[in-house]
Amino acid sequence: MFQQILSLIGSFNLGNNGLVPNLVSQQTEVLPLNASIAIIGAGAGGSSAAYHLSNYSRHQVDVTIFDKNDYIGGRVKTIEIEGESYELGGSIFVTVNSLLIEGAEQFNLNISTPEEPEGNNSTVSVWDGQELIYDFPRGWSWWKGILFLKDFGLSPLYATYYMRTTIGKFLQLYEEPLFPWSSLTTVVDEVGLTELIGTDSRTWLNKNTSVGTKFQDTILQALTRVNYASNLDHIHSLAAMVCLAAEDGVRQIVGGNNQIFHNWVKASGAYVKLNHPVSNIVKSNEGWLVDGNYFDYVILAAPFAHSDLSIISGTHGEDVHLIETEKLIPDVPYVELHVTFVLSKEKIDGGNYFGKYGYSYGTILTTTTPPYAEPQFLSLSQEGTTEKGHYVYKLFSYEDLSDEQLIDIFGWVKTPKTLLKVWRKTWYSYPKMQPVSELANIEIAPNLFYTSGMDPFISTMETNALSGKNIAKLLQARIYNKQNNQ
Ligand SMILES: Cc1cc2nc3c(=O)[nH]c(=O)nc-3n(C[C@H](O)[C@H](O)[C@H](O)COP(=O)(O)OP(=O)(O)OC[C@H]3O[C@@H](n4cnc5c(N)ncnc54)[C@H](O)[C@@H]3O)c2cc1C
């Protein structure tokens, strides 16, 4: 939804500078393999693991996917509002997200650029809880670029340069010789991203770049807040750079991003058990016991802290004990994010709340500047107009927003019936993306693999899908070697 602000930044063309490798699909040696694998979690990570395992094994592995939800997709889910789908969770991806793009193309899913409901006539504004401190019209043009440079000097150019350098380093994780990697902490070091994930964005930007404070506070922080619900002083620098990574706009799958994950699961041929929480997994001589069956391997494709899962070793008497996970999976705090969809008869009329009358309100991002009042919400955007002519808005906030608060924010105090319907969903959306030095092990116990170590490094649909693919590739080698040594 924020492609304008991002394309405005990204349009300062610095060229490819050779840092972003060409993402050609890698040739994979496909081998017939035999093994049974349980995957716990049918989100981006689990569905990608199932799909790539199936490809790497010529469909020979026997995969069962368990999910406690009644749907595939995890943190990627749509809701229907007057016949149209809207993303309740993971909503946008970018063109360097090759796994999602290839998935969409392979399954003939339509990729769209999210529409701007008001065309080029509305604004992107930045609200600091007290006043609207910045706004510009939607859409890119050379004169708007000049305005941007006038306001922020060369900071947008510097920020774009550092973002591209960072993404270039990250993309090495897709390719040999680094792919597949058996330790995320090690591979992050090898590509030179350890300092970025270990340092908060404010410190890193001030120490290493010429990106000015005004640009940091007004634009970058508005982006880290809408993407990761976090301010620059708290979020690590890699996450801040990723928030800028929409070089030529953002993408969505028409009808819902989760269709990619549905198709991956379907194509994998895995046996799928939805509505099926797994409360414990037990390591025994026969393999891993999951839901009454033994499996050779288990992939845990869900954040451990929210999985309500015990990992146990031993099946009899004194042998039975909990496997200590603290050292293998560092404790990662997650954001509790409140997503609110609003259906209304009228557009936002923000004069009373935001202090500007007769203003064309479009997307409102937020930031905090001295004296640091925390705005009531992180972002507010018009997502579309329905066939009935009603308006659909989406808000992100740290707290639940009551109908009264919404009516106040939208300026409908005198016409409360303008608010037709509200949908609310609370997520543990992503880690707080605080600086980290250690990421979770990939193999947390023998033959037990974990995808969500990726989350505190960078939490997106694409990166978590990459984590699933990486484990599929590691498993291919493991199973092949085991078979050949028998
Ligand atoms: C509001 C919101 C906005 C976002 N915006 C974006 C965005 O614009 N772009 C982007 O790329 N990313 C975005 N993200 C992040 C992205 O959605 C996630 O990083 C990604 O989808 C996580 O995938 P995953 O498979 O690792 O985990 P999840 O999607 O969390 O999947 C884990 C699955 O495991 C299941 N599970 C957990 N425990 C058990 C158990 N014990 N037994 C059985 N099943 C279990 C869960 O039910 C869940 O389905 C957003 C997320 C949210 C919530």
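Computed values, structure above
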item: Any hit, region 227-236, residues being without any contact (Cβ under 8 Å) to a residue 40 or more places away in the chain, open to solvent by less than 10 Å² (accessible area, probe 1.4 Å) and assigned to a helix (DSSP H, G or I); result: no
item: Where A465 falls short, out of the listed (1) assigned to a strand (DSSP E or B); (2) open to solvent by less than 70 Å² (accessible area, probe 1.4 Å); result: (1)
item: Residues located in region 439-455, provided they are surrounded by 16 or more Cβ atoms within 10 Å (Cβ to Cβ) and farther than 17 Å from G74 by Cα; result: L439, A440, N441, I442, E443, I444, A445, N447, L448, F449
item: Residue list for region 64-96, filter: in contact with a Phe, Trp or Tyr (Cβ under 7 Å, 6 or more places away or on another chain) and more than 13 Å from the ligand (Cβ to nearest atom); result: I81
item: Failed item, numbered, when I312 is tested on (1) over 27 Å from the mean Cα position of the chain (by Cα); (2) at negative phi; (3) away from the ligand (no atom under 14 Å from the Cβ); result: (3)
item: Residue under evaluation S125, criteria (1) modelled with pLDDT of 95 or more; (2) under 30 Å from G362 (Cα atoms); (3) among the hydroxyl-bearing types (S, T, Y), criterion not met; result: (1)
item: Residue that is nearest to I92 (Cα to Cα) [pool: residues in region 355-408 that are of a type in the set (A, V, I, L, M) and more than 24 Å from the chain's Cα centre (by Cα)]; result: L406
item: Any pair with Cβ under 8 angstrom, 6 or more apart, that starts in region 55-81 at a residue that is closer than 30 Å to T386 by Cβ and ends at one that is of a type in the set (V, I, T) and within 16 Å of the ligand (Cβ to nearest atom); result: I72/V265; I72/V272; I81/V392
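Results for (1) under 26 Å from I444 (Cβ atoms); (2) hydroxyl-bearing (S, T, Y); (3) over 18 Å from the mean Cα position of the chain (by Cα), shown as yes or no for each residue.
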position	(1), (2), (3)
S183	yes, yes, yes
L193	yes, no, yes
T199	no, yes, yes
K214	no, no, yes
T224	no, yes, no
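Conditions (1) at pLDDT 95 or above; (2) open to solvent by 20 Å² or more (accessible area, probe 1.4 Å), marked per residue:
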{"position": "P21", "(1), (2)": "no, yes"}
{"position": "Q27", "(1), (2)": "no, yes"}
{"position": "V30", "(1), (2)": "no, yes"}
{"position": "L53", "(1), (2)": "yes, no"}
{"position": "H59", "(1), (2)": "no, yes"}
{"position": "V63", "(1), (2)": "yes, no"}
{"position": "I72", "(1), (2)": "yes, no"}
{"position": "R75", "(1), (2)": "yes, yes"}
{"position": "E84", "(1), (2)": "no, yes"}
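The values are calculated or read from the model by the stated rules, or taken from the named source; none is laboratory data. The structure displayed is predicted, hence computed values, not measured ones. Because the Cβ atoms are built from the backbone with ideal geometry, glycine has one as well, and the counts that use them run over all protein chains shown. With ligands, DNA and RNA removed, areas are computed over all heavy atoms of the protein, side chains included. Shrake-Rupley method; radii C 1.70, N 1.55, O 1.52, S 1.80 Å.
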